[in-house]
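So the structure is just underneath, and the comments pick up after that.
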Amino acid sequence: MYLYGMVKDVQALIKKLSPFMDENSEIFRELSMFFGDEAKVDVYQNDLTKFLERRRLYRIIRLQGKSYKDCVYQLVDDHPESMEALGMLRYYKAPTGPIKWEEIEKAEIAMGQELTTNAYGWAPDAWTVFDRKNDSEENENTHEMVALLAFDMEH
């Protein structure tokens with residue numbers, strides 16, 4: 001089921017799929033944003049359903065760099081535990097100006113090349129991008145990636 005543009009329905013679905021998740025938590029806010037109406041790449045309910053499967057713990061990693069690809073390398077190099085995740089949703093925040101899709105493509109290719117074999121089983125493995133809005137001047141040329149990770153509660 002297609003979710004684009006249905007923020008309140010997304011929040012209701014998150015509550016339904018994960019009734020004990022705190023609505024004021026960072027993961028709730030990030031999921032609401034990821035599946036919200038400002039995403040520049042279509043997102044799907046099935047990805048949310050897979051991400052919120054039972055017995056999962058969540059972690060959010062925020063990265064900044066000179067390029068999206070730089071952010072991917074930071075994720076792999078500085079957070080090797082991310083490769084053990086069961087699922088990953090990630091979004092890119094564009095620097096001020098038009099989104100450079102070719103730069104996101106380079107980052108996603110780098111992600112594929114850097115993954116260990118157990119990471120290929122991520123369910124879900126999805127990404128989107130957002131325009132930058134009224135951020136401080138120091139961040140206006142910074143590339144950002146936010147990774148939402150789901151881990152097995154047993155490990």
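Quick look at the numbers
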read-out: Single residue of region 132-155 satisfying the filter (charged (D, E, K, R) and in contact with a helix residue (DSSP H, G or I) (Cβ under 9 Å, 6 or more places away or on another chain)) that is modelled with the highest pLDDT; value: Glu144
read-out: Qualifying residue in region 7-15 (condition: open to solvent by 70 Å² or more (accessible area, probe 1.4 Å) and at pLDDT 90 or above); value: yes
read-out: Selection count, region 19-46, where residues are touching a strand residue (DSSP E or B) at 6+ places or on another chain (Cβ under 7 Å) and among the hydroxyl-bearing types (Ser, Thr, Tyr); value: 1
read-out: Subset tally (residues that are part of a loop (DSSP other than H, G, I, E, B), β-branched (Val, Ile, Thr) and open to solvent by 30 Å² or more (accessible area, probe 1.4 Å)) for region 18-56; value: 1
read-out: Which numbered condition Ile60 misses (of (1) among the hydrophobic types (A, V, I, L, M, F, W, C); (2) within 14 Å of the chain's Cα centre (by Cα); (3) modelled with pLDDT under 95); value: (3)
read-out: Criterion violated by Ala107 - all others in (1) out of contact with any helix residue (DSSP H, G or I) (no Cβ under 7 Å at 6 or more places or on another chain); (2) modelled with pLDDT of 90 or more; (3) part of a helix (DSSP H, G or I) satisfied; value: (1)
read-out: Long-range neighbours under 6 Å by Cβ, at least six apart or interchain, first residue closer than 15 Å to Lys15 by Cβ within region 48-62, second open to solvent by 30 Å² or more (accessible area, probe 1.4 Å); value: Leu52/Leu17
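The values are calculated or read from the model by the stated rules, or taken from the named source; none is laboratory data. Computed from a predicted model, the values in this text were never measured in an experiment. All Cβ positions, glycine included, derive from the backbone under ideal geometry; neighbour counts span all protein chains shown. Remember, those area values only see protein heavy atoms, side chains included, never the ligands or the DNA or RNA. Shrake-Rupley method; radii C 1.70, N 1.55, O 1.52, S 1.80 Å.
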